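For reference, the structure discussed in these notes is given below.
Nothing in this text is a laboratory measurement; each read-out follows from the coordinates by a stated rule. Just so we're clear, the structure is a prediction, and the values are computed from it rather than from any experiment. Note that we place each Cβ from the backbone using ideal geometry, even for glycine, and neighbour counts take in every protein chain shown.
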Amino acid sequence: MSRSSWIRKMFEEGARLKAEHGADNVFDFSLGNPNLEPPEQFSQNLEKIVQEKGWHGYMPQAGYPHVREKIAAFVKKDQGVAVSADDIVMTCGAAGALNVVLKAVLDPGDEVLSPAPCFVEYLFYADNHGGVFKSVATREDFTLDLDAMSAAITDKTKVVLINSPNNPTGQVYSKESLNALGQLLRQKCETYQRTIYLVADEPYRKIIFDDIEIPSIFDSYADSILVTSHSKDISIPGERIGFAMVGPEAEYRDDIINAMALTNRIIGFVNAPALMQRVVAEMQGATVDISQYKHKRDLLCDGLRECGYDFTTPPGAFYLFPKTPIPDDVAFVKALQEELILVVPGSGFMGPGHFRIAFCVADDVIVNALPGFKRVMERYR
Ligand SMILES: Cc1ncc(COP(=O)(O)O)c(C=O)c1O
């Protein structure tokens, strides 16, 4: 509870400030809850599908075969990898998928390594399944530091968990760095005579700006497991729909798939939400209007740059992770709160000396918060 308290604290503080000052006067950048409505196609599909009869029973734990086929066809085209429906387990969002994967592959005491700053729930998910979480430093611009990764891998490492585009930094890992990571992992597997899985958590894969491309993890490393959801790309986080996909060339592919179907059941999910599986099957490749997030990113980055904030412009996701002008990120975030601006201290993501701004908010919130961001920066410069 105390380790997870940052997001919780911001949430409670937000509720208190909104009650006191009115919701419109509080600039809440604390949660990664997309503000854009799902694409029109979503409600159209839902209305059509909800009328059909005979779809409310138990199903294969991996999910409906026709849904997995549609997803496999999309990933095959999008990423150029020969995946099939049998490589996929439908899950309750990316969070569900991560838990299903970790329960399937971890033995007690196995290490889960993740480049930091990172999504802090990883700690709890590793712990849920007997794993030991270890964060690994990244470079100044939050790209992968392979020397740090190499030094962190031991004979107990079972999973390297990466997230690109990243929460909280928005950074994207290049094809070259993923290839180098793949090479490093193959060497370490050889050294320690065990399989290390590369788990790629990609719920922000489709939220990218400036014509960059997100490489396919399966091209860089065979023993990869892709984890994702439609929470962010079509703005349905409350609906809890995602999937895990095992690399078709993974050494223990069949065992992992069978284990994941079992863990989906025994963790208690049983299967991913039936209605949502059928809806998203018809929406592979669909997204909200990404240009709106790009507009918000540019509005925020241009405004904060003028106020003197120092940051790496995020090429993806909807988060900005600026440096705090003082070492104490918690004190800086408290100063922003006095201006009714809610953000999360970087310490909450294992990235002290920074703070996270979730810019999946209305444009007005960004524009109206800038004077407050400026006043606080002026106090500390
Ligand atoms: C990096 C990352 N992974 C996983 C999740 C969980 O996503 P979902 O809502 O699909 O479970 C989130 C949610 O914010 C996230 O930021």
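The table below gives the values:
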quantity	calculated
Selected residue (criterion: farthest from the chain's Cα centre (by Cα)) from residues of region 351-365 that are in a strand (DSSP E or B) and among the aliphatic types (A, V, I, L, M)	ILE357
Helices (runs of 4 or more DSSP H) (entirely within region 1-113) containing at least 1 residues that are of a type in the set (D, E, K, R) and within 15 Å of the ligand (Cβ to nearest atom)	5-21
Failed criterion for GLN171 (all others in (1) touching a residue at least 40 places away in the same chain (Cβ under 8 Å); (2) in a loop (DSSP other than H, G, I, E, B); (3) surrounded by fewer than 23 Cβ atoms within 10 Å (Cβ to Cβ) hold)	(3)
Sole exception among (1) at positive phi; (2) within 14 Å of the ligand (Cβ to nearest atom) for ASP211, by number	(2)
Residues located in region 176-205, provided they are within 16 Å of the ligand (Cβ to nearest atom) and of a type in the set (Ser, Thr, Tyr)	TYR204
Positions within region 230-255 being within 23 Å of SER291 (Cα to Cα) and assigned to a loop (DSSP other than H, G, I, E, B), in sequence order	HIS230, SER231, LYS232, ASP233, ILE234, SER235, ILE236
Which listed residue, of ALA82, ALA72, ALA62, is small (Gly, Ala, Ser), touching a Ser or Thr at 6+ places or on another chain (Cβ under 7 Å) and over 25 Å from GLY348 (Cα atoms)	ALA72
Search result, residues across region 309-342 that are buried (at least 20 other Cβ atoms within 10 Å of the Cβ), under 22 Å from TYR122 (Cβ atoms) and over 18 Å from the mean Cα position of the chain (by Cα)	ASP329, VAL333
Candidate set from region 139-161 (those that are more than 13 Å from LEU181 (Cα to Cα) and polar (S, T, N, Q)); member that is farthest from the ligand (Cβ to nearest atom)	THR154
Qualifying residue in region 179-186 (condition: assigned to a loop (DSSP other than H, G, I, E, B) and surrounded by 24 or more Cβ atoms within 10 Å (Cβ to Cβ))	no
The listed residue being in contact (Cβ under 8 Å) with a residue 24 or more places away in the chain, farther than 28 Å from ALA180 by Cα and over 17 Å from the mean Cα position of the chain (by Cα), out of GLN61, GLN79	GLN61
All positions within region 221-262 that are surrounded by fewer than 24 Cβ atoms within 10 Å (Cβ to Cβ), of a type in the set (Ser, Thr, Tyr) and either closer than 19 Å to PRO203 by Cα or within 16 Å of the ligand (Cβ to nearest atom) (or both)	SER231, SER235
Filter result for the condition that a residue is without any contact (Cβ under 8 Å) to a residue 60 or more places away in the chain and closer than 21 Å to ASN167 by Cα, over LYS323, LYS294, LYS334	LYS323
Test for ARG139: is it assigned to a helix (DSSP H, G or I), of a type in the set (Lys, Arg) and either crowded, with 17+ Cβ neighbours inside 10 Å or under 23 Å from the mean Cα position of the chain (by Cα) (or both)	no
Qualifying residue in region 338-349 (condition: in contact with a His (Cβ under 7 Å, 6 or more places away or on another chain), in a loop (DSSP other than H, G, I, E, B) and in contact (Cβ under 8 Å) with a residue 60 or more places away in the chain)	yes
Test set (1) away from the ligand (no atom under 16 Å from the Cβ); (2) of a type outside the set (Ser, Thr, Tyr); (3) part of a helix (DSSP H, G or I) - PRO325 fails condition number	(3)
LYS156 being surrounded by fewer than 19 Cβ atoms within 10 Å (Cβ to Cβ), out of contact with any Phe, Trp or Tyr (no Cβ under 7 Å at 6 or more places or on another chain), more than 27 Å from PHE74 (Cβ to Cβ) and of a type in the set (Lys, Arg)	yes
